[in-house]
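Below is one structure, written out as structure tokens; comments come after it.
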Amino acid sequence: MHRAILARAESVGLNVTSVQLVASRGRGGLQFKLMQPQDVAGLYKSIHRFRTGILALSGAKILLDISESPTNQGCVSLETFVKYKCVYRLASRPEEVDVAFEDLINRMSVDDCDGYKDPRCLPTAIFVAKKDIDLRTYEGRADFMGLHRVAHSTGSLRDGLRRTWELGPSHTRDLIHVAGRCLPLGFHWDVQTQRDTVMVNGWERWEVPGQRYTNVHPDGFIRGGSATCTHSLRQVSKADKPRALTPKAIRQAKGHKK
């Protein structure tokens, strides 16, 4: 099935990248099918620079904090991780491939973003929403903005960890897009923290002390301000022993439940 999909994708001019999952044992002996951090980083950066479709042949999980052992609370599904940023389809059985592939091709050319103020630009691995709201509809996006908007501000948002996301001045020359809509050159948020905060994106772990700030980009890029990177792709190896995942770390890393 894998070879047939590759041949079909290449026949319509698509550049294809295959990703292998890794079985990882977590707390209590549970097994998780994880994408490796380097693949997570490559995928999330690519979907903000190229029109991308993901055809998954099985369920996959993303470990958000690469310093931790995998748990249900500390992982999100691949589908959730790329939600609103690109097209995702799951075909776990051979008879599902044709329909999933055709739907993938048809949807890849559709623009699903209204611009830089659209909440679908937010990196969902970092922005902790106060409530799960479907952003595919105008009403859902309006509800999301109403729930998270900071009063008397010009577009600032406050997430579930009380971090304030303000539109920041351009600092880079990166030109990226979200679901086909190009964003302003160097677009990002200045994220203001109220207390010691951990930020994770699936391939890095950052700490921001007290009432400080850092820059966060739609493609999950974290940089500048008072943030310190404690774990990165260069620092993590097979020899590293993951730290135990504490309830506090779970709450700070992510509020998703699968």
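The values are calculated or read from the model by the stated rules, or taken from the named source; none is laboratory data. None of the values given here were measured: they were computed from a predicted structure. Cβ sites come from the backbone with ideal geometry, for glycine too, and all protein chains shown count toward neighbours.
Some values worked out for this structure:
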| read-out | value |
| --- | --- |
| Scope region 26-41; condition surrounded by fewer than 16 Cβ atoms within 10 Å (Cβ to Cβ) and out of contact with any Ser or Thr (no Cβ under 8 Å at 6 or more places or on another chain); matching residues | Gly28, Gly29, Gln38 |
| Qualifying residue in region 115-127 (condition: within 24 Å of Thr154 (Cα to Cα), part of a loop (DSSP other than H, G, I, E, B), among the β-branched types (Val, Ile, Thr) and touching an Asp or Glu at 6+ places or on another chain (Cβ under 6 Å)) | no |
| Criterion (modelled with pLDDT under 95, surrounded by fewer than 20 Cβ atoms within 10 Å (Cβ to Cβ) and either in a loop (DSSP other than H, G, I, E, B) or assigned by TED's automatic domain parsing to the domain that holds Ala179 (or both)) met by exactly one of Val19, Val99 | Val19 |
| Filter result for the condition that a residue is under 21 Å from Leu135 (Cα atoms), modelled with pLDDT under 95 and not β-branched (Val, Ile, Thr), over Leu90, Leu55, Leu6, Leu30 | Leu90 |
| Which listed residue is surrounded by 14 or more Cβ atoms within 10 Å (Cβ to Cβ) and without any contact (Cβ under 8 Å) to a residue 40 or more places away in the chain, from Ile126, Ile66, Ile133 | Ile133 |
| Condition check for Phe81: under 13 Å from the mean Cα position of the chain (by Cα), in the same structural domain as Leu233 (by TED's automatic domain parsing) and of a type in the set (A, V, I, L, M, F, W, C) | no |
| Residue within region 140-155 that is crowded, with 19+ Cβ neighbours inside 10 Å and of a type in the set (Gly, Ala, Ser) present | no |
| Flag if Leu161 is among the hydrophobic types (A, V, I, L, M, F, W, C), assigned to a loop (DSSP other than H, G, I, E, B) and more than 21 Å from Arg223 (Cβ to Cβ) | no |
| Verdict on Glu166 being out of contact with any helix residue (DSSP H, G or I) (no Cβ under 9 Å at 6 or more places or on another chain) and assigned to a strand (DSSP E or B) | yes |
| Flag if Gly13 is at positive phi and either surrounded by 15 or more Cβ atoms within 10 Å (Cβ to Cβ) or out of contact with any Ser or Thr (no Cβ under 7 Å at 6 or more places or on another chain) (or both) | yes |
| Residue list for region 170-197, filter: of a type in the set (A, V, I, L, M) and surrounded by fewer than 19 Cβ atoms within 10 Å (Cβ to Cβ) | Leu175, Leu185 |
| Matching residues, region 207-231, being touching a residue at least 40 places away in the same chain (Cβ under 8 Å), farther than 12 Å from Trp189 by Cβ and either surrounded by fewer than 18 Cβ atoms within 10 Å (Cβ to Cβ) or among the hydrophobic types (A, V, I, L, M, F, W, C) (or both) | Thr230 |
| Qualifying positions in region 139-178 - without any contact (Cβ under 8 Å) to a residue 12 or more places away in the chain, more than 20 Å from the chain's Cα centre (by Cα) and closer than 22 Å to Lys83 by Cβ | Glu139, Ala142, Asp143, Gly146, Arg149 |
